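Following: one structure in structure tokens, then a few remarks.
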Amino acid sequence: MFGIGPEELGLILLLALLVLGPERLPQIARDIGRTVGELRRTSDELREEFLSADRYLERSAKPPTPPSDAAGTGAPAGPPGETAFEREMREARERLRDT
């Protein structure tokens, strides 16, 4: 836990007890526990939001169709199963080669 051993943790707790006193230390520890719990819940919710958004995007994405000369693009059709990104990269490389 942050590279702190049991001896160091005990020393920190003893110093906190001396500085804060026995009345305020349990209340502060409870508040810290609540804050850490809320941060964890928020982190888990954010992670779930990102994962569900990713799944939603994957479901809504349509399989790319390779361009053909009949469509009027003028670009040669690529290999079957080529993604839109791969097609765009291939076309960009061809344009750079032509210049």
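The values are calculated or read from the model by the stated rules, or taken from the named source; none is laboratory data. Bear in mind the structure is a predicted one, so any value in this text is a computation, not a measurement. Cβ: placed from backbone, ideal geometry, glycine included. Neighbour counts: every protein chain shown.
Could you check, for the stretch 63-78, whether at least one of its residues is at pLDDT 65 or above, assigned to a loop (DSSP other than H, G, I, E, B), surrounded by 10 or more Cβ atoms within 10 Å (Cβ to Cβ) and not acidic (Asp, Glu)? Reasoning before the result, please.
Filtering the stretch 63-78 down to residues at pLDDT 65 or above leaves 77-78.
Next cut, assigned to a loop (DSSP other than H, G, I, E, B) only: 77-78.
Now restrict to residues that are surrounded by 10 or more Cβ atoms within 10 Å (Cβ to Cβ): 77-78.
Checking which are not acidic (Asp, Glu) leaves us with 77-78.
Yes, the conditions are met somewhere in the stretch 63-78.
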(message) Taking the condition of being touching a Leu at 6+ places or on another chain (Cβ under 9 Å) and among the β-branched types (Val, Ile, Thr), how many residues in the stretch 20-57 meet it?
(response) 1
(request) For residues that are of a type in the set (Asp, Glu) and exposed (fewer than 10 other Cβ atoms within 10 Å of the Cβ), scanning just the stretch 1-44, find the one that is farthest from the chain's Cα centre (by Cα). (result) Glu23
(message) Checking the structure you have, find out if any residue of the stretch 48-60 is surrounded by 10 or more Cβ atoms within 10 Å (Cβ to Cβ), at pLDDT 85 or above and either under 34 Å from the mean Cα position of the chain (by Cα) or not in a helix (DSSP H, G or I) (or both).
(response) yes
